[in-house]
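The block underneath contains the structure these notes are about, expressed in C-alpha cells.
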Amino acid sequence: EDAFKAYQHQALLYHDYLRQPRAAVKIYQRIAAEFPEPQAVAALQTAAVIARKDLKDYELEIELRSKIGNDFPESKVAPEEMYAVAQIYESDLRDIARAIRAYRDVSSKFIDSKYGDKARDRVNKLR
C-alpha cells in the first residue's frame, strides 16, 4: 500500500507539477506491472488519458488500453477499453482495416458484453 501511494504521488508530481507527462506514463506503467488488477487497471487508464490529452500519442494510448483488455480480460472495464481501441483506429487514425480487426477482437472476446454487440454493429457498418 505504501509503495503504491509513493508511485502514485511520483506520477502526479511528474504530470501535474513538473509537466513531464511521458515520465508520468512510465510510472503508471510501472504501477501496472507491479500491482494487482484494481490498481494496475486504474494506472493504465490514467496513463491512456495522459497519452491522449497531453501527448496526442494515439499509438501509445492503444498500447495502454489494449494491455487492459489483454492482461486483465476479467476486469469490468476491459470490454470498454478494447472498444475504445477500435474507435481510436476508426476515428483518430482513420485506419478502417485495423478498426474492423479491433472491433472483431472485441466482439469475439466479449461476446456477452454490450461492447461486443456495439463492436459487431460497427463491423457491419464499416464493411
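Couple of notes before you dig in:
- All positions within region 15-26 that are open to solvent by 10 Å² or more (accessible area, probe 1.4 Å) and touching a residue at least 12 places away in the same chain (Cβ under 8 Å): H15, P21, R22
- If only residues of region 118-127 that are in contact with a helix residue (DSSP H, G or I) (Cβ under 8 Å, 6 or more places away or on another chain), modelled with pLDDT of 95 or more and open to solvent by 70 Å² or more (accessible area, probe 1.4 Å) are counted, the one that is farthest from P38 (Cα to Cα) is R120.
- When each of R52, R19, R65, R101 is tested for being on the phi > 0 side of the Ramachandran plot and not hydroxyl-bearing (S, T, Y), the lone residue that passes is R19.
- Here R104 clears all of (1) over 21 Å from Q8 (Cβ atoms); (2) of a type in the set (K, R); (3) in contact (Cβ under 8 Å) with a residue 24 or more places away in the chain except the condition numbered (3).
- Whichever residue in region 43-64 is β-branched (V, I, T) and open to solvent by less than 40 Å² (accessible area, probe 1.4 Å) and, among such residues, is nearest to the chain's Cα centre (by Cα): I62
- Residue within region 33-47 that is within 20 Å of F4 (Cβ to Cβ) and outside any helix (DSSP H, G or I) present: yes
- Inside region 59-78, residues that are among the acidic types (D, E) and part of a loop (DSSP other than H, G, I, E, B) make up a count of 1.
- Scanning region 27-41 for any residue that is at pLDDT 95 or above, open to solvent by 60 Å² or more (accessible area, probe 1.4 Å) and touching a Leu at 6+ places or on another chain (Cβ under 9 Å) turns up nothing.
- Region 79-113 - residue that is assigned to a loop (DSSP other than H, G, I, E, B) and of a type outside the set (G, A, S) and, of those, least open to solvent (accessible area, probe 1.4 Å): F110
- Single match in K109, K5, K67, K118 (criterion: charged (D, E, K, R) and within 15 Å of the chain's Cα centre (by Cα)): K67
The values are calculated or read from the model by the stated rules, or taken from the named source; none is laboratory data. All values reported here derive from a predicted model rather than from experimental measurement. Glycine also receives a Cβ, built like all others from the backbone with ideal geometry; neighbour counts cover every protein chain displayed. For accessibility, only protein heavy atoms count, side chains too; no ligands or nucleic acids. Shrake-Rupley method; radii C 1.70, N 1.55, O 1.52, S 1.80 Å.
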